[in-house]
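The values are calculated or read from the model by the stated rules, or taken from the named source; none is laboratory data. These numbers were taken from a predicted model, which means no experiment stands behind them. Cβ placement follows ideal geometry from the backbone for every residue including glycine, while neighbour counts extend to all protein chains displayed.
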Amino acid sequence: MIEDKLLILRFKQGRHEALRQIYDKYKVELLRLAVVLIGDANTAEDMVHDVFVKFARSADRIRLTGNLKNYLVTSVINRVRNHLRDSNRHRETVLDGAELLASSRRGPRQWAVLDEQLALLSKALQELPYEQREVICFRMEMGMTFRQIAMRQNASVNTVKGRYRYGITKLRSLLNGEVEK
């Protein structure tokens, strides 16, 4: 948190290296979030880049009082929601061909197995209603509590727990033992 405030201060002073450090620190996590929510790695990457471009252009207007990570996560989520809303208006299909990113630290054999499992999981996630997919992503990828998710989704904790439970149940039925934890 202190490191983020220092980076923001340096960024506001016009130091481009601070923006690069912010980007390097959060890009993977934000990209993973966007991929899970939108289901398309290329579109997700564009959205994360759009968020950082907008962030870079607003250096003089940023009045960050809270957590930088939460600010960036909220920006990505809003960008995804806008994209989905606009896509529905134009009747475009944007949730096909979903792929998730994985670490390159694994060996080729492990990579092949993980790639197949991630593709199955990603496809199954796209079958869920957006609200359920978002709750599962927040809980599993971001480690958020149900209360934090409820605040972010402007819903009750019980509603969020229900979305999570129904989403996990549907994922289990869709995957039917195809992917191991």
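A compact table of results
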item	result
Cβ-Cβ under 8 Å pairs, at least 6 apart or on other chains, the stretch 17-37 side under 12 Å from residue 73 (Cα atoms), far side of a type in the set (Asp, Glu) and surrounded by fewer than 22 Cβ atoms within 10 Å (Cβ to Cβ)	29/141; 31/45; 32/141; 33/141; 34/45
Number of positions in the stretch 96-149 that are assigned to a loop (DSSP other than H, G, I, E, B) and at pLDDT 65 or above	7
Residue in the stretch 86-95 that is modelled with pLDDT of 70 or more, within 16 Å of the chain's Cα centre (by Cα), surrounded by 18 or more Cβ atoms within 10 Å (Cβ to Cβ) and of a type outside the set (S, T, N, Q) present	no
Residue count for the stretch 125-145, restricted to those that are buried (at least 19 other Cβ atoms within 10 Å of the Cβ) and farther than 21 Å from residue 83 by Cβ	2
In the stretch 38-66, the residues that are crowded, with 17+ Cβ neighbours inside 10 Å, within 15 Å of residue 22 (Cα to Cα) and not aliphatic (A, V, I, L, M)	52, 55
Hey, residue 6 surrounded by fewer than 13 Cβ atoms within 10 Å (Cβ to Cβ) and either assigned by TED's automatic domain parsing to the domain that holds residue 142 or more than 28 Å from residue 167 (Cβ to Cβ) (or both) or not	yes
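To keep it simple, each residue is scored yes or no on (1) in a helix (DSSP H, G or I); (2) at pLDDT below 90; (3) aromatic (Phe, Trp, Tyr).
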position	(1), (2), (3)
14	no, yes, no
18	yes, yes, no
34	yes, yes, no
47	yes, no, no
